[in-house]
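A quick write-up on the structure given underneath.
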Amino acid sequence: MVVTQLNVEFCFQGKRLRGFSCELIQSPHGVFPETVFTTACQVTVPILLSGLGMMAAGLLMNIVQHWPVFVEVKDLLTLVPPLVGLKGNLEMTLASRLSTAANTGQIDDPQEKHRVISSNLALIQVQATVVGLLAAMAALLLGAMSREGLDLAKVSLLCASSVLTAFLAAFALGMLMVCIVVGARKLGVNPDNIATPIAASLGDLITLSILALLSSFFYRHKDTWYLTPLVCVGFMALIPLWVLIAKQNPPVMKILKFGWFPIILAMVISSFGGLILRKTISKPQYKGMAIFTPVVCGVGGNLVAIQSSRISTYLHISSTPGVLPLQMKKFWPNPCSIFCTSEINSKSARVLLFLVVPGHLIFFYMIYLVEGQSVTNSKTFMLLYLLAGLIQVIILLYLAEVMVRSTWHQALDPDNHCIPYLTGLGDLLGTGLLALCFLINWVLRGKAELDGISELAPGPP
């Protein structure tokens, strides 16, 4: 498929037309190449907005971790990353599918647009309900490994909070994604560049707020024994209705039948990140872990979701499922070819990578302004924090290229299979690397304090 662009320039003298020039540009690769400047401009603002949302989520997390329900039901902390990660498993995947549909002209027809949008929204409601319940089960299972027995009241509270949070967050963010993609299409902006980060800008904050409020509500009404089971049964009973709506779109129905493995595995991966968060958040050497975790995990997940969506759109336009373009034949490409060539996907990878350090510096400074002395501001920790962010994004961008190529070669849609894995890995990598930063900083600070004490100690008489 060849994309053609015609630029016409008119020359007026006064009110009279004195001439005109035409420029015809063709792109044989199926997509009209964006300049680095255009990509950077379209990506930077949404990424900064998403960072503010994730920073707000981190500040909220620092507050709600001390609420009675979070103190009493420790498994809620394990539940935070997989539930917040649903924006990567569901909303970002939805945004990627809709962006591809917009860029390939599938939603230009009003009737087709209604069918695509309604079936996709019904799909994520089914996925959110089921994955919300499974996330609660995974949190309980991981929590049960470190203690004896289970309290049935806490089990039902956790399941009801998880299912209802996933459902409400998926509905709100799904509607937001539809508005963004349709609006971007009308304004001539590439939705691949803005849809996923804007979803994340409110996704973390909305999901965490809903989880905190609902779990506190159920905790206050824990004596009403039938309330939480009724919520779980009621929302599970709605699944046949969503399936009926999704049936009107065969590609969506195919996802509903065969697309469960990526989002469930991604949820499990994120749950291990939640286990790390639960084990570290209350220890003094990890002070500030609750604030920085949503930011580190979110930045990496957002950047890799943008790249994955862009590569997927490129393949949908320039090739057919199962056939890779000549320049993308290698499944395990040289890392230099991912970041250092003139290919369109390599340029976007460089732009996204260059945003990591400035973005994290801005978010770090703003968190310090808000929280003050409650977060560390040592130069050692800041350097470790920036290094962790860079390592996380480099690994994720490389894995995005590998996964999208492998998925496309197997005639599978990368929009549905890659982003859940990548955001789940982003949560695990981000939480693990951040915990390592706090640990190394604590060890180095303790060593420096010991050295200072030994210098001040009087020598032998």
- For the range 297-359 versus the range 421-438, the gap between their alpha-carbon centres in whole angstrom: 20
- Query: With every protein chain present, what is the per residue accessible area of the chain (1.4 Å probe, Å²)?
  - Reply: 45
- Message: Order 301-311, 428-438, 125-135, 326-336 from most to least packed using the mean count of other Cβ atoms within 10 Å.
- Response: 301-311, 125-135, 428-438, 326-336
- Does the range 282-333 classify as rounded, prolate or oblate by the C-alpha gyration tensor (a ≥ b ≥ c root eigenvalues; a/c under 1.5 gives rounded; else a/b over b/c gives prolate, otherwise oblate)? prolate
- Could I get the Rg over Rh figure for the range 41-141? Both from C-alpha atoms, Rh via Kirkwood, rounded to two places. 1.08
- Message: Accessible area of the range 55-170 with a 1.4 Å probe: how many percent of it is carbon plus sulfur?
- Response: 65
- Task: Taking the chain as the reference, fit the longest principal axis to its C-alpha atoms, fit the long axis of helix 191-220 to the helix C-alpha atoms, and give the angle between the two in degrees, 0 to 90, nearest 10.
- Result: 30
- Query: Taking K and R as +1 and D and E as -1, what net charge do the other residues with C-beta under 15 Å from the C-beta of LEU227 add up to?
  - Reply: +2
- Item | Calculated from backbone phi, Karplus (6.51, -1.76, 1.60) coupling profile of the range 295-306 in Hz, x at Gly/Pro | 5, 5, 5, x, 4, x, x, 5, 5, 6, 5, 4
- Note on the structure: So for the range 224-346, using the alpha carbon gyration tensor with a ≥ b ≥ c as root eigenvalues (a/c under 1.5 gives rounded; past that, a/b versus b/c decides prolate or oblate), I'd call it oblate
- Message: A 22 angstrom limit on the alpha carbon distance is what I want to check against. Which of LYS379/LYS447; LYS222/LYS279; LYS186/LYS254; LYS283/LYS447; LYS113/LYS186 exceed it?
- Response: LYS222/LYS279; LYS186/LYS254
- For labels at LEU241 and LEU369 in the simple 7 Å Cα→Cβ model, what's the distance in nm? 4.5
- Item | Rounded accessible area of TRP442 (nearest 10 Å², 1.4 Å probe) | 110
- Going residue by residue through the range 114-124, the Karplus relation 6.51 cos²θ - 1.76 cosθ + 1.60 with θ = phi - 60° gives ³J(HN,Hα) values, rounded to whole Hz and with x marking Gly or Pro, of 4, 5, 5, 5, 5, 5, 5, 5, 5, 4, 6
- For the ARG115, VAL402 Cβ pair and Förster radius 41 Å, calculated FRET efficiency rounded to 0.05 is 0.75
- Task: Pop out the carbon and sulfur fraction of the accessible area of the range 217-280 as a percent, whole number, probe 1.4 Å.
- Result: 76
- Using packing as a proxy for protection, rank 227-236, 284-293 so that the peptide with the highest average count of other Cβ atoms within 10 Å comes first. 284-293, 227-236
- Ellipticity estimate at 222 nm from DSSP helix runs (n ≥ 4, -39,500 (n - 2.57)) divided over the chain, nearest 500: -25500 deg cm²/dmol
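The values are calculated or read from the model by the stated rules, or taken from the named source; none is laboratory data. A quick note: this is a predicted structure, and the numbers were derived from the prediction, not measured. Every residue, glycine among them, receives a Cβ derived from its backbone with ideal geometry; neighbour counts consider all protein chains shown. Only protein heavy atoms, including side chains, enter the accessible area calculation; ligands, DNA and RNA are left aside. Shrake-Rupley method; radii C 1.70, N 1.55, O 1.52, S 1.80 Å.
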